[in-house]
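This report concerns only the one structure given below.
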Amino acid sequence: MSTPTDHTRTATAPSTAAPETSSPATRGARTGRILQLTGLSLGAVAFLFPFYYMVVGSLKKTTTGDVSGALPGGFTTANYRAINGAISLGRSLLNSGIVTGGVLLCTLVFGVLAGYALARLTFRGRGTVFATLLLVQTIPFQLLMLPLYALVVRNYGLGDSYLGMMLPFAINSTAVFLFRQFFLQLPASLFEAARIDGASELRILWTIALPMARPALLTGVLLTFIGPWNEFLWPFLVTKNTDMQPLAVSLAGFLSNLQGTVANPTGALLAGACVLALPVVALFLVFQRHFTHTNIDSGVKG
Amino acid sequence: MTLSHTNGPGRRGTSRIGALFAAPYVLFVLAVFAVPLGYTVWISFHRFYFTAPGAGVDSPWVGLSNYRDVFTDPVVGRAFLNILIFLVINVPLTVGLSLVLAAALNAKLPFRSFFRAAYYVPYVTASVALVAVWAFLFGSDGLVNHALGGLAPDPSWLVNTHLAMPMIAFFVTWKQLGFFVMLYLAALQNVSRELYEAAAVDGAGSVRRFFSITVPGVRPATTLVLIYAIITGANLFSEPYLLTGGGGPDHASVSPVLVMYQKGIEQGHPDFAAALGIVLMVFVLAISLLARKISERGE
């Protein structure tokens with residue numbers, strides 16, 4: 001696995017591939033490059049415009065769909081106060097944070113242990129566990145939602161509880177796979193030397209493997225964070241009590257049936273959407289360097 | 001990538017500790033996947049109601065009766081037709097756009113990390129937040145209709161029987177594209193650079209090089225894209241539920257998972273929903289295998 005900055009090879013830019021080409025070809029290459037950049041820029045506008053519109057709409061006194069509604073100006077924070085009053089934003093954010101934090105903690109603790117065992121230890125059934133890990137990543141969770149709902153809410157009585165919301169996501173299989181791949185890449189001699197010195201496996205994991213696996217841990221955190229923070233269906237099923245709902249669920253509730261309760265419902269909804277989107281987008285932008293195709297690639301192979 | 005390879009066997013003494021380390025994950029998989037899967041199969045063959053724990057309600061064996069209900073339900077038929085509509089729009093758009101974008105982003109470009117981030121942001125953002133903006137953009141009094149003026153569709157995008165499902169397919173394509181761009185970017189690293197240089201020397205233009213080298217070179221990634229698109233289609237819930245207000249006019253944008261929710265939880269027929277879940281799982285497996293066959297043919 002290589003770092004993202006390694007991927008600067010040019011596969012499709014003719015201009016750098018053949019510096020000795022004659023001048024018409026260079027001109028053609030330059031036109032191609034301009035076309036490429038124009039295309040990419042247009043695409044980027046199409047991808048980013050809804051985010052711009054979300055922010056601008058959330059700051060307008062009256063949020064309207066006409067063209068003036070897309071222009072900046074006349075800003076107010078009233079919508080943020082309105083959504084805060086309608087769905088108690090702080091409480092929802094706290095719930096989202098607790099659920100996401102719990103999932104992160106479980107994935108890091110148990111996922112690292114499992115990843116280490118799969119990469120570095122031999123035990124009976126290791127092949128089966130690994131095959132299951134690959135299989136689990138391809139089973140759509142939604143297909144199991146009804147029996148899970150029956151078990152978690154009806155049989156275990158975990159409705160309206162953080163544990164119930166966390167359970168299906170508690171250990172992220174993709175992250176386990178990622179940790180395993182990373183531990184596999186460390187040199188075997190390192191582990192053998194430590195074992196000969198009589199270090200316990202837990203100690204080897206804690207003092208040798210983990211410090212070296214820090215980039216994988218960060219990627220694991222980023223990958224894992226997105227799921228429970230953005231998840232809608234499962235917490236929607238599990239929570240009836242609005243005090244327990246994470247932000248995605250309370251915002252969806254507002255979208256479906258509470259809009260009449262505020263003066264500028266669209267503005268309030270967009271303000272809530274901004275608050276829901278901000279933590280993940282910020283985290284992603286800050287750690288963008290680590291959140292790259294190489295990691296995604298290793299996460300989905302199989 | 002090496003999947004089954006391990007560097008050096010651990011000592012024999014490590015065997016118990018390995019099992020111990022893996023145990024929480026194994027328990028998790030049993031609790032969240034294996035047991036519910038078995039339970040779904042069981043429920044799908046019985047008459048089943050949600051009850052409080054300990055309430056003694058019988059769940060008699062009913063054979064294939066739930067499955068018969070699933071196959072004769074017109075809304076279920078509509079839901080599967082909708083997945084097909086979704087796939088017909090989503091798959092070619094996703095494969096085409098993400099491959100072209102990845103090829104462009106793989107070159108040395110100014111602002112390359114900005115472009116990558118731009119395409120990736122919708123993928124990491126919550127559906128609920130993005131649905132809110134799309135509903136505002138494409139509402140009957142939204143920006144898109146204002147811009148189109150007299151050309152705006154009537155009824156508007158999200159409440160139009162013919163447009164509701166295509167809108168969902170476009171929304172999901174837009175939201176997920178960045179993920180597939182990254183997947184293709186990774187696959188492009190494995191395509192030999194010498195091939196491009198040799199082709200350039202032989203006078204092949206960039207379009208020719210794209211179709212003769214890039215497209216076949218990333219075929220395994222294309223299989224993965226196909227399978228992911230199918231799984232996404234089979235999993236649709238938030239978009240039809242929130243974007244098109246509970247499944248669109250006349251179930252125009254209803255999805256199988258949405259039907260499972262409505263039948264199983266809103267209307268109290270979890271047995272029907274369980275049978276539908278099994279049918280959906282078989283459907284996903286069958287189409288995934290078919291996709292793999294098709295895209296690997298000719299290799």
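The values are calculated or read from the model by the stated rules, or taken from the named source; none is laboratory data. The shown structure was predicted, so the numbers you read here are calculated from the model rather than taken from an experiment. Note that we place each Cβ from the backbone using ideal geometry, even for glycine, and neighbour counts take in every protein chain shown. Note: areas computed on protein heavy atoms with side chains; ligands, DNA, RNA excluded. Shrake-Rupley method; radii C 1.70, N 1.55, O 1.52, S 1.80 Å.
Below is a table of values for the structure above.
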read-out	value
Pairs, first within 9 Å of chain B (Cβ to nearest Cβ) in segment A:215-233, second aromatic (Phe, Trp, Tyr), C-beta under 6 Å, six or more apart	A:LEU222/A:PHE287; A:LEU222/A:PHE291; A:LEU233/B:PHE237
Residues located in segment A:110-128, provided they are open to solvent by 20 Å² or more (accessible area, probe 1.4 Å) and among the β-branched types (Val, Ile, Thr)	A:THR122, A:THR128
Pairs with Cβ under 9 Å, 6+ apart, first in segment A:201-213 and of a type in the set (S, T, N, Q), second surrounded by 14 or more Cβ atoms within 10 Å (Cβ to Cβ)	A:THR207/A:ALA194; A:THR207/A:ALA199
Of residues in segment A:239-252 being part of a helix (DSSP H, G or I) and surrounded by fewer than 18 Cβ atoms within 10 Å (Cβ to Cβ), the one nearest to the other protein chains (Cβ to nearest Cβ)	A:THR242
Test set (1) over 30 Å from A:THR242 (Cβ atoms); (2) within 8 Å of another protein chain (Cβ to nearest Cβ) - A:PHE177 fails condition number	(2)
Among the residues listed as A:PHE177, A:PHE123, the single one being in contact with a Gly (Cβ under 8 Å, 6 or more places away or on another chain) and not in a helix (DSSP H, G or I)	A:PHE123
Pairs where the first residue, in segment A:62-74, is at the interface with another protein chain (Cβ under 8 Å from one of its Cβ atoms) and crowded, with 18+ Cβ neighbours inside 10 Å and the second is at pLDDT 85 or above and part of a loop (DSSP other than H, G, I, E, B), C-beta under 8 Å, 6+ apart	A:THR63/A:ASN264; A:THR64/B:ASP141; A:GLY65/B:GLY139; A:GLY65/B:ASP141; A:GLY65/B:GLY142; A:GLY69/A:THR63
Residue within segment B:112-134 that is more than 30 Å from A:LEU37 (Cβ to Cβ), touching a residue at least 12 places away in the same chain (Cβ under 8 Å) and either in contact with an Asp or Glu (Cβ under 7 Å, 6 or more places away or on another chain) or outside any helix (DSSP H, G or I) (or both) present	yes
For A:GLY272: the one exception among (1) more than 30 Å from A:PHE110 (Cβ to Cβ); (2) within 7 Å of another protein chain (Cβ to nearest Cβ)	(2)
Subset of segment A:225-257 [touching a helix residue (DSSP H, G or I) at 6+ places or on another chain (Cβ under 9 Å) and polar (S, T, N, Q)]	A:ASN230, A:THR239, A:THR242, A:GLN245, A:SER250, A:SER256
Residue in segment B:257-292 that is most open to solvent (accessible area, probe 1.4 Å), counting only those that are among the charged types (D, E, K, R) and touching a residue at least 24 places away in the same chain (Cβ under 8 Å)	B:ARG292
Residues (over 17 Å from B:PHE237 (Cα atoms) and under 25 Å from the mean Cα position of the chain (by Cα)) located in segment A:141-155	A:VAL152
Residue match in segment B:278-295 (condition: farther than 13 Å from B:VAL76 by Cα, more than 17 Å from the chain's Cα centre (by Cα) and of a type in the set (D, E, K, R))	yes
Scope segment B:147-179; condition assigned to a helix (DSSP H, G or I), without any contact (Cβ under 8 Å) to a residue 24 or more places away in the chain and surrounded by 18 or more Cβ atoms within 10 Å (Cβ to Cβ); matching residues	B:TRP157
Residue match in segment B:232-247 (condition: open to solvent by 30 Å² or more (accessible area, probe 1.4 Å), under 20 Å from B:VAL70 (Cα atoms) and not in a loop (DSSP other than H, G, I, E, B))	no
Selected residue [within 11 Å of chain B (Cβ to nearest Cβ), modelled with pLDDT of 95 or more and open to solvent by less than 30 Å² (accessible area, probe 1.4 Å)] from A:THR107, A:THR100	A:THR107
Single residue of segment A:180-214 satisfying the filter (farther than 28 Å from A:GLY102 by Cα and acidic (Asp, Glu)) that is farthest from the other protein chains (Cβ to nearest Cβ)	A:ASP197
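Let's see how each residue does on (1) part of a helix (DSSP H, G or I); (2) within 14 Å of chain A (Cβ to nearest Cβ); (3) more than 30 Å from A:TYR116 (Cα to Cα):
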site	(1), (2), (3)
B:ALA22	yes, yes, no
B:ALA34	yes, yes, no
B:TYR39	yes, yes, yes
B:TRP42	yes, yes, yes
B:PHE48	no, yes, yes
B:THR51	no, yes, yes
B:SER59	no, yes, yes
B:GLY77	yes, no, yes
B:ILE83	yes, yes, yes
